[in-house]
1. Given the structure, is Gly99 open to solvent by less than 70 Å² (accessible area, probe 1.4 Å), in contact with a strand residue (DSSP E or B) (Cβ under 9 Å, 6 or more places away or on another chain) and at positive phi?
2. Among the residues of the range 102-120, which ones are out of contact with any strand residue (DSSP E or B) (no Cβ under 6 Å at 6 or more places or on another chain) and within 18 Å of Gly8 (Cβ to Cβ)?
3. Is at least one residue of the range 78-100 in contact with a Leu (Cβ under 6 Å, 6 or more places away or on another chain), of a type in the set (A, V, I, L, M, F, W, C) and more than 16 Å from Ser25 (Cα to Cα)?
4. Please go through the range 12-52 and pick out each residue that is outside any strand (DSSP E or B), closer than 17 Å to Cys96 by Cα and either among the polar types (S, T, N, Q) or touching a residue at least 24 places away in the same chain (Cβ under 8 Å) (or both).
5. Quick one: Arg38 ticks every box in (1) under 14 Å from Thr91 (Cα atoms); (2) of a type in the set (D, E, K, R); (3) open to solvent by 70 Å² or more (accessible area, probe 1.4 Å) bar one, so which box is it?
6. Among the residues that make up the range 72-82, is at least one of them touching a residue at least 24 places away in the same chain (Cβ under 8 Å), open to solvent by 20 Å² or more (accessible area, probe 1.4 Å), assigned to a loop (DSSP other than H, G, I, E, B) and among the hydrophobic types (A, V, I, L, M, F, W, C)?
7. On the basis of being over 16 Å from Ser112 (Cα atoms) and either out of contact with any helix residue (DSSP H, G or I) (no Cβ under 6 Å at 6 or more places or on another chain) or crowded, with 18+ Cβ neighbours inside 10 Å (or both), does Leu18 make the cut?
Amino acid sequence: QVQLVESGGGLVQAGGSLRLSCAASGRTFSIYAMGWFRQAPGKEREFVAAITGSGGSSYFADSVKGRFTISRDNAKNTVYLQMNSLKPEDTAVYYCATGSSAWAVAGDKVASWGQGTQVTVSS
């Protein structure tokens, strides 16, 4: 099973940027699709973004399109979530996830989860 460790969360003002990282264990990182989810207090977990194993295709929730980008460095076993133009409603715990395909991840068919990293956006 792939082990995932997120980092990069923190406190930022509205309009600012943060980059989250997720480091994965294992030598077969490139075969896994990767994704990010988030869960705000009192709300259900929601899909944010997913990327294919090769990094050639990515998918985003409508709420973050145009503001967030997802990328991966298979040589470093790491996936990134670049978050720009942050809004207070982006405040949540962000979780990294793996799956058999980007569509599977987007559909919440996740094989492994990270422990989460807190992102707080102040107004």
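The values are calculated or read from the model by the stated rules, or taken from the named source; none is laboratory data. Only a predicted model underlies this, so the values are computations on that prediction, with no experimental measurement involved. Counting neighbours? That spans all protein chains shown, and the Cβs are built from the backbone with ideal geometry, glycine included. Accessible surface is based on the protein model in full, side chains and every heavy atom, while ligands, DNA and RNA are left aside. Shrake-Rupley method; radii C 1.70, N 1.55, O 1.52, S 1.80 Å.
1. Answer is no for this residue.
2. Gln115
3. Yes, the range 78-100 has at least one match.
4. Result: Ser25, Gly26, Thr28, Phe29, Ser30, Tyr32, Ala40, Arg45, Thr52.
5. Among (1) under 14 Å from Thr91 (Cα atoms); (2) of a type in the set (D, E, K, R); (3) open to solvent by 70 Å² or more (accessible area, probe 1.4 Å), Arg38 violates only (3).
6. no
7. yes
Let's see how each residue does on (1) farther than 20 Å from Ser123 by Cβ; (2) in contact with a strand residue (DSSP E or B) (Cβ under 6 Å, 6 or more places away or on another chain):
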position: Ser7; (1), (2): yes, yes
position: Arg19; (1), (2): yes, yes
position: Ser57; (1), (2): yes, no
position: Asp62; (1), (2): yes, no
position: Asn77; (1), (2): yes, yes
position: Asp90; (1), (2): no, yes
